[in-house]
Amino acid sequence: MSNVKKAVLAYSGGLDTSIIIPWLKENYGCEVIAVAADVGQGKELDGLIEKAIKTGASKCYIEDLREEFVNDYIIPTLKAGAVYEGSYLLGTSFARPIIAKRVVDIALKEGADAICHGCTGKGNDQVRFELTIKAFAPHIKIIAPWREWDIKSRDEEIDYAIAHNIPIPITRETNYSKDKNLWHLSHEGLDLEDPGNEPLYDKILELGVTPEKAPDKATYVEIEFEKGCPVALNGKRMSAVDIITELNKTGGENGIGIEDIVENRLVGMKSRGVYETPGGTILYKAHDVLETLCLDRDTQHFKQQLSIRFAELVYYGQWYTPLREALSAFADSTQRTVTGRVRLKLYKGNIINAGVWSPYSLYNEDIATFSKDEVYNQKDAEGFINLFGLPINVKAMLEKSGEEK
């Protein structure tokens, strides 16, 4: 421990990192520099510099990463169609690599001996942080207090904070483990640890309301994409950051994007969490609808297979890997014609298709129509079916011959 003279801490001001600053000074006797990444937490960042300094940090950086977070992490994941285990839109997962990378940048700039994070030894985030650190600064020591200290629970963390006069943003009754950014808000712990408990939505929801409390009148939204990237909302061009922000508000008001999930963590255990992702849920739906119009069948089906692998890479913290970069290159190639406009109807937690248009549409009404047409010869289907079904036919003939013998 005495070899560490200066440590850079990935700092959020939450329960874990609030007590880590004095713990590092007590146990390592080192200078502590806090780094907070603004990925859309909003008011959670208020007063963070003052708090970090008061609790023992020599310096506190607050880095605005919102544009980079959306354009370089969220949008590539959206274009890949990546969803972990069919439900989780990866809100925490793809935020960790960008945060950790900036922490590494500052650690190198400050000449730090170590980088510290507040991730537990049971979770996925420790892997996401440390794989990023290894990718950019493999020589720097990593300090993970949850794998070192004698504290065993969040209750004991609160005890430590009280004993050291450290202000914390929660109480024992509201001691959920939460992660908030521009894309989502997650809730874990307390009553949610029992999958048999229905979430206390009125108590925990922050980005929106339950479907029961949503308006009785539907809300329409129109989203425009260029090469898979959202560029306009309701006819107004704006940045992707602003589009997500607006859709979070609209989606939240309509009860969109609430997911109660039991997921398989990378470390092997299952965990239960409630996620609020109103804007992201709408964007994913709109993007999927547009792709049904613009992608050919084989590309669309193969992309769906690779989307699963992409989601695993993001969830497992393997953002900075050759495979993730290669899959992103494939996804970018598929998005060359994913340009157009999608209208959706939001109603009490539901997202309903209400129209889709694209100059690259592969849908041909003249061919697909149930009315009379001069384009498609239905007699051609007979030969197609005979050839397509030839293996089935041959197998049946063989079986029949065997039965006769």
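How far, in degrees from 0 to 90, does helix 278-294 lean away from the longest principal axis of the Cα atoms of the chain, to the nearest 10? So the inclination is approximately 30 degrees.
For segment 237-244, putting each phi into the Karplus relation 6.51 cos²θ - 1.76 cosθ + 1.60 with θ = phi - 60° gives couplings of 6, 7, 5, 4, 4, 5, 4, 4 Hz, in residue order, rounded to whole numbers and with x for Gly and Pro. Projected label points at Ser333 and Glu67, each 7 Å from Cα along the beta carbon direction, are separated by 3.1 nanometres. In plain terms, the C-alpha convex hull of segment 256-405 casts an average shadow of 16.4 nm² when viewed from every direction.
Summary of packing: across the peptides 55-64, 164-173, the per-residue average of other C-beta atoms within 10 Å ranks them, highest first, as 55-64, 164-173. Computed from the C-alpha gyration tensor, the three semi-axes of the ellipsoid equivalent to segment 59-113 are 27, 11, 9 Å, from longest to shortest. Segment 192-238 and segment 262-292 have Cα centres spaced 12 Å apart.
Relative to the dominant Cα principal axis of the chain, helix 154-163 is inclined by about 30°. Please say if segment 126-205 is rounded, prolate or oblate, where rounded means a/c under 1.5 for a ≥ b ≥ c the square roots of the C-alpha gyration tensor eigenvalues, and otherwise the choice is prolate for a/b larger than b/c and oblate otherwise? Judged from the Cα gyration tensor, segment 126-205 comes out oblate (a/c at least 1.5, b/c at or above a/b).
Give, to the nearest whole percent, the P(r) tail of segment 194-250 beyond 14 angstrom, counting all Cα pairs. The proportion of pairs with Cα distances above 14 Å equals 65 percent. Residues in the chain average 50 Å² of solvent-accessible surface per residue, probe 1.4 Å, ligands and nucleic acids excluded.
In segment 343-405, the convex hull through the Cα atoms has an average projected area of 9.4 nm², a quarter of its surface area. When DSSP beta bridges are restricted to pairs lying wholly in the chain, around 65% turn out antiparallel. By accessible area, using a 1.4 Å probe on protein heavy atoms only, segment 41-132 has 48% of its surface on carbon and sulfur.
Across Ser12, Ser333, Ser93, mean-square fluctuation computed from a Gaussian network of the chain (C-alpha pairs under 10 Å connected) peaks at Ser333.
The largest-to-smallest principal axis extents of the Cα set in the chain are 83, 59, 44 Å. The alpha-carbon of Lys395 sits under 21 angstrom from the alpha-carbons of these lysines, leaving out residues fewer than 8 places away in its chain: Lys405.
Between Leu45 and Ile151, the modelled labels are 2.4 nm apart [label points 7 Å from Cα along Cα→Cβ]. Both numbers refer to the Cα atoms of segment 242-303; Rg and Dmax are 15.3, 39 Å. Given the pairs Lys134/Lys227; Lys6/Lys134; Lys54/Lys203; Lys303/Lys348; Lys59/Lys141; Lys79/Lys345, which are separated by over 24 angstrom at their Cα positions? From Lys134/Lys227; Lys6/Lys134; Lys54/Lys203; Lys303/Lys348; Lys59/Lys141; Lys79/Lys345, over 24 Å: Lys134/Lys227; Lys54/Lys203; Lys303/Lys348.
Using only Cα coordinates, the Kirkwood hydrodynamic radius of segment 73-159 works out to 14.6 Å. Computed from backbone phi with θ = phi - 60° and the Karplus coefficients 6.51, -1.76 and 1.60, the 3J(HN,Hα) list for segment 191-208 is 5, 6, 5, 9, x, x, 8, 5, x, 7, 4, 5, 8, 9, 5, 10, 8, x Hz; x is used for glycine and proline. Using the alpha-carbon positions of segment 1-129, Rg (one decimal) and Dmax (whole number) come out as 15.4, 47 Å. Relative to its residue count, segment 181-295 spans a Cα convex hull of 140 Å³ per residue.
Taking Cα atoms only, the orientation of helix 322-334 departs from the longest principal axis of the chain by about 40 degrees.
Can you give the calculated 222 nm mean residue ellipticity of the chain, where each DSSP H run of n ≥ 4 adds -39,500 (n - 2.57) and the sum is split over every residue, rounded to the nearest 500 deg cm²/dmol? That comes out to -12000 deg cm²/dmol.
The values are calculated or read from the model by the stated rules, or taken from the named source; none is laboratory data. As the structure is a prediction and not an experimental result, all values here were calculated from the model. Here the Cβ is made from the backbone with ideal geometry for all residues, glycine too, and neighbour counts use every protein chain on show. Please note that ligands, DNA and RNA were not included when accessible areas were found on the heavy atoms of the full protein model with its side chains. Shrake-Rupley method; radii C 1.70, N 1.55, O 1.52, S 1.80 Å.
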